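These notes are about the structure you will find just below.
The values are calculated or read from the model by the stated rules, or taken from the named source; none is laboratory data. All values reported here derive from a predicted model rather than from experimental measurement. Backbone-built Cβ (ideal geometry, glycine too); neighbour counts: all protein chains shown.
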Amino acid sequence: MKVHEHQAKAIFARYGIPVPRGSVVTTPQEARQAAANLGGQAVLKAQVHAGGRGKAGGVKVVRSPAEAERTAGSLLGRNLVTHQTDARGVPVHSLLVEELADIRQELYLAITIDRGFRGPVMLASAAGGMEIEEVAASRPQDIHTEPIEPVLGLMPYQTRRVAARLQLAPALHRPAAQLMTALYRIFTECDCSLVEINPLVVTGDNRLVALDGKMDVEGDALFRHADLRELRDRAQEDPLEAEAVDQGIAYVKLDGQVGCLVNGAGLAMATLDVTNAAGAPPANFLDVGGGADDEKAAKAVGIILSDPAVNRVLVNIFGGILRCDVAARGIVLAYQRKGSRLPLVVRMLGTNVEEGKEILRRSGLNVTFADTLGEVARAISRAG
Amino acid sequence: MGILLDENSRIVVQGITGREGGFHARACMAYGTNVVAGVTPGKGGQVFEEKVPVFDSVEDAVRETGANVSLIFVPAPFAADAVAESASCGVPLIACITEGVPVQDTVRLSRYLERRPEVRLIGPNCPGMINPGARCKVGIMPGSIHRPGRVGVVSRSGTLTYEAVGQLTGLGIGQSSCVGIGGDPVIGTSFVEVLKLYQADPDTDLVVFIGEIGGNMEQEAAAYIQREFTKPLCALIVGATAPTGKRMGHAGAIITGESARAEAKVAALRQAGAHIIPTPAQIGEVTQATLRQLR
C-alpha cells in the first residue's frame, strides 16, 4: 500500500528524521495561507501516488502567497500524468506546501527487501535527486548496498560505512547515523516493503533534511497496523482495482479487450500469456482465489464487466478448492446484474465441473466451452 | 523414490480443526497420506475424523505419534509462529500453505531456520508437494490428476502446477514428485535446492520447471543447471504480458527491474540448455518430445 509524501514525512518526523516545515492543503486559499506562514516563498508539491511528479509539472516553486494561490488553483482538481501513470493520470486532491530548501548536495537513501539475501538492505547513493533505476542502469557502482541482519538490526559500524561511502563531512556522520537508524526502525515497525528518501539533502548550513519521502507498507501486514490502514487513499487507485482490493480479489487492469477470470495467480498469468499469444490481448489479470463463494465470483465477474474495454470474457478455473458450480453461479449472477450479453469462453476442470457446465448451458448466455489451454486460445480469438 | 516424501512420511496438520485445514487434511487422507496428528492450541484431546488425535502443541504431537512432516494451514498472522514451533521440535520437513504471511515475518523466520539445518521449509504461499508413487500428498493439489512416473515438477505456482500435471498425465506422463515452492518474495526452499534433490533422485529422468516474473531465482537456477544439473529440463516462464511494477497476485510476482522480466529468465534458462516451453498450452507436448529424445 502506497502512502502520500506528506503522510510518510509525518511518520519520518515522529521518528526524528528532519523534514522541511510545511502543511497539507486542499484549496487555493489554504495554499495562500500556508505560503504566507512560510514567509511567502514555498514549493507546492502535488500529493499523488506516482513518481516523476517534477517532470510532469506537479512540483512548483512560488514566490508569493498570491502566486501560491494561483498555482494551487491550476494543480488542484486536475489529473497529473507522469511516466509512471497511464494516460488518464492520477487526481491531485491535495498539495504539500513546504519551505524552500537551501540545497548543497542531493543524496539517495532507501531500505527494501533483497530477495537473494532474504532480508532488508539499505541502498545509498551520492547521486540523489534522480531516479534510482537510472543510476542503477547507467552507473551501478554509484549505489552502495548494505545488507542488514534482521537479528542485529542496522549496526553503528554500518551507518559509519554508509556515511563514508556517501563522503559526508565528519560533522554529519552522527546525524546521518541517527537518521539511518530511524529509517530502519520505520521500515521494520511499519512493515514496509520500501522506505525511500530521494533526495536526502545536505543544506547550505550543513544539515540533513528528507526533502522527499516514500513509503510502501506491505499489504499483507496491514492486519497489525490499524493506524497505517487509515492512510490508504482510494482516489489514487484505479477504481476497478480499488473495488477488487475491497473484495479481496487480485486484479490488475491491462490494455486489451479480453476480460479474464482465473483461480490462482500462476494460472492467471499463464492464461494472459495464452490469450495474448492468440492475438487477443487481455483486459485484466484477475485471480479470484481459492476460497471464493458464488457472491465473490459474481463480484469478480462484475468488475470485469464494468470495464468498458472488455468485449469478451474468458474463464479458466482449475478447481481444487474453488468448485466449478460455485464459479458458474457467480458468473450467471454477474451477467444478470449487468444485463450483459458479451460472449464467454469457459474452461473448467476439477470439482463439480459437470454441474458448473450445466448451470452455464441453461443460463442462455453465449458460452463456448474449451477443454484445454490450446482450445481456449482458438476459441477466444474467434469470439472477438 | 521421488523427493521429500515417501512411504515413511508421517504428517502432522497444524490448524486441522479449521475449515481449510480440515478440508485438506481429509483430502490428503483420502489420497492415502499417513496423517498421524493434528495440532490446534486449546483443542488437544479431540479426535479428527474419528482417527487422528489432535494435540495442543507440535511437541506433544511429535512425541506421541512420531510425526516427521508438518503441513500448515493456520491464518497468516500466526503462520510464522506455527513454522517456528515445528522447527523448534526438529520436524525435518514443513510445508506452509498459508498465503499472505508478512514478508518480514518470513525474513526473521529464515534467520532462525538457518540455525536448524536439519529443517526444510517449503513455502509459504504454496500448494505443497506430492509423491504419487508413494501415495503421499502433503498439500492442496487435487490428487486425482497425478500418476506415478519419472518426471519431476517444480513450480512457484499452485493452479499452474495442476495445469502442468494435467497436461503431463493427459499424455500418459507420470510424475516422480511435484513441489510448489511458493509465490512469495522470500521463501524457505528455492528452485536450486529442489533441483539438487531431483538431480540426486535416481527415479527422476526429467524436470518440468515453472517460473514466473519477479526476482531472479530462475537465473540462479539457470546458473546451477549450467554448472551441475545433468538431467533434461523443460522450462516455462509465465507473466510475459505483465506490466512493470504491478503485483500479479503472488506477492513475489512483480517486475522491479530487467532481470525480473519473463524474457530475461527465458534467456538465462535457454542459455543454460533448458528446453523452453513457448506457451503454457505446450507443457505436455514439449515434455513428451524431450522424453522421446532420451530414448
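For the reader, a short list of remarks on this structure follows.
- Verdict on B:VAL165 being part of a strand (DSSP E or B), in contact with a helix residue (DSSP H, G or I) (Cβ under 6 Å, 6 or more places away or on another chain) and modelled with pLDDT of 95 or more: no
- Among all positions in the range B:131-140, there is at least one residue which is closer than 27 Å to B:VAL238 by Cβ, of a type in the set (A, V, I, L, M) and surrounded by 20 or more Cβ atoms within 10 Å (Cβ to Cβ).
- The set of residues in the range B:168-180 being under 17 Å from the mean Cα position of the chain (by Cα) and either of a type in the set (A, V, I, L, M) or assigned to a helix (DSSP H, G or I) (or both) consists of B:VAL179 alone.
- Within the option set B:ASP81, B:ASP105, being outside any strand (DSSP E or B), under 27 Å from B:GLY183 (Cβ atoms), in contact with a helix residue (DSSP H, G or I) (Cβ under 6 Å, 6 or more places away or on another chain) and not small (Gly, Ala, Ser) holds for one residue only, B:ASP105.
- Looking across A:GLN141, A:GLN105, A:GLN158, A:GLN178, one residue alone is modelled with pLDDT under 95 and either in a loop (DSSP other than H, G, I, E, B) or over 25 Å from the mean Cα position of the chain (by Cα) (or both). It is A:GLN141.
- Per-region count, the range A:13-25, residues loosely packed, with under 15 Cβ neighbours inside 10 Å and within 16 Å of A:THR71 (Cβ to Cβ): 0
- Looking only at residues of the range A:184-217 that are of a type in the set (Asp, Glu), surrounded by fewer than 22 Cβ atoms within 10 Å (Cβ to Cβ) and touching a residue at least 40 places away in the same chain (Cβ under 8 Å), we find that the one that is nearest to A:ILE304 (Cα to Cα) is A:ASP216.
- Among residues of the range A:124-138, those that are modelled with pLDDT of 95 or more and either surrounded by fewer than 16 Cβ atoms within 10 Å (Cβ to Cβ) or within 12 Å of another protein chain (Cβ to nearest Cβ) (or both), counted: 0
- Selected residue [facing chain A (nearest Cβ under 9 Å) and either modelled with pLDDT of 95 or more or part of a loop (DSSP other than H, G, I, E, B) (or both)] from B:GLU118, B:GLU99: B:GLU99
- Count - residues of the range B:64-109 that are closer than 25 Å to A:ALA265 by Cβ and of a type outside the set (D, E, K, R): 27
- Some residue of the range B:219-234 being in contact with a Leu (Cβ under 7 Å, 6 or more places away or on another chain) and within 13 Å of chain A (Cβ to nearest Cβ): yes
- Single residue of the range A:37-68 satisfying the filter (of a type in the set (D, E, K, R) and closer than 13 Å to A:LEU96 by Cα) that is nearest to the chain's Cα centre (by Cα): A:ARG53
- Enumeration of residues in the range A:59-92 that are in a helix (DSSP H, G or I) and either of a type in the set (A, V, I, L, M, F, W, C) or in contact with a Lys or Arg (Cβ under 6 Å, 6 or more places away or on another chain) (or both): A:PRO65, A:ALA66, A:ALA68, A:GLU69, A:THR71, A:ALA72, A:LEU75
A quick yes/no check of all residues on (1) in a strand (DSSP E or B); (2) among the small types (Gly, Ala, Ser); (3) touching a Gly at 6+ places or on another chain (Cβ under 8 Å); (4) crowded, with 24+ Cβ neighbours inside 10 Å:
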{"site": "A:GLY302", "(1), (2), (3), (4)": "no, yes, no, no"}
{"site": "A:LEU314", "(1), (2), (3), (4)": "yes, no, yes, yes"}
{"site": "A:ALA327", "(1), (2), (3), (4)": "no, yes, yes, yes"}
{"site": "A:ILE331", "(1), (2), (3), (4)": "no, no, no, yes"}
{"site": "A:SER340", "(1), (2), (3), (4)": "no, yes, no, no"}
{"site": "A:LEU349", "(1), (2), (3), (4)": "yes, no, yes, no"}
{"site": "A:GLU358", "(1), (2), (3), (4)": "no, no, no, no"}
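- In the range B:235-259, the residues that are at the interface with chain A (Cβ under 7 Å from one of its Cβ atoms) and of a type in the set (S, T, N, Q) form Cβ pairs under 9 Å with partners that are in a strand (DSSP E or B) and surrounded by 15 or more Cβ atoms within 10 Å (Cβ to Cβ), at six or more places apart or across chains, as follows: B:THR241/A:PRO282; B:THR241/A:PHE285.
- When residues of the range A:93-102 are limited to those that are in contact with a Gly (Cβ under 7 Å, 6 or more places away or on another chain) and in a loop (DSSP other than H, G, I, E, B), the one surrounded by the fewest Cβ atoms within 10 Å (Cβ to Cβ): A:ASP102
- Restricting the range A:288-312 to residues that are of a type outside the set (D, E, K, R) and touching a Lys or Arg at 6+ places or on another chain (Cβ under 8 Å), the residue that is modelled with the lowest pLDDT: A:GLY289
- Selection from the range A:242-285 of residues that are more than 7 Å from every other protein chain (Cβ to nearest Cβ) and touching a Cys at 6+ places or on another chain (Cβ under 8 Å): A:THR271, A:THR275, A:ALA283, A:ASN284
- Single condition B:ILE187 does not satisfy, out of (1) within 10 Å of the chain's Cα centre (by Cα); (2) under 22 Å from B:ARG111 (Cα atoms): (1)
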